[in-house]
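Note sheet for the following structure.
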Amino acid sequence: MRKLKSLTNLRELNLAYNFIKDIEGIKYLVSLRELSLQGNRLREIRSFEHLIHLERLKLYLNPIKLSEWYLIFARPQQIVKYCESKH
């Protein structure tokens, strides 16, 4: 995920079902509009504050804590228009 730094113009990214535990490199994808991370091993949600254009986020089938979901929807500086969660 560290090699994502140079992909600043990327608009869609599908990383579903890749056993990902950490999404630290996502913060560099500032033009991202759609992000699919379902079916991974994410326990925490971090690095979304720079994704101001993000409209669609798929996170279902990850062992994310309920308190982490609150972090996604409670930030006024970033509102994700569509978030698929399927708990």
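The values are calculated or read from the model by the stated rules, or taken from the named source; none is laboratory data. Just so it is clear, the structure is predicted and the values come from calculations on it, not from any experiment. When we count neighbours, we look across all protein chains shown, and the Cβ atoms used for this are built from the backbone with ideal geometry, even at glycine.
Considering each residue of the stretch 47-77, count those that are within 18 Å of residue 8 (Cα to Cα) and modelled with pLDDT under 80, and give that number.
The qualifying residues number 3.
Please work out which residue is farthest from residue 65 (Cα to Cα), limiting yourself to the stretch 17-54 and to residues that are surrounded by fewer than 16 Cβ atoms within 10 Å (Cβ to Cβ) and of a type in the set (Gly, Ala, Ser).
My answer is 31.
State which residue pairs qualify: first residue at pLDDT below 90 and inside the stretch 1-13, second residue part of a loop (DSSP other than H, G, I, E, B) in any location, beta carbons under 7 Å apart, and separation of 6 or more residues or different chains.
Going by the 7 Å Cβ cut-off, the qualifying pairs are 1/22; 1/23; 4/29.
Are any residues in the stretch 1-48 part of a loop (DSSP other than H, G, I, E, B) and of a type in the set (Lys, Arg), and if so, which ones?
Hits for the stretch 1-48 are 5, 11, 21, 33, 41, 43, 46.
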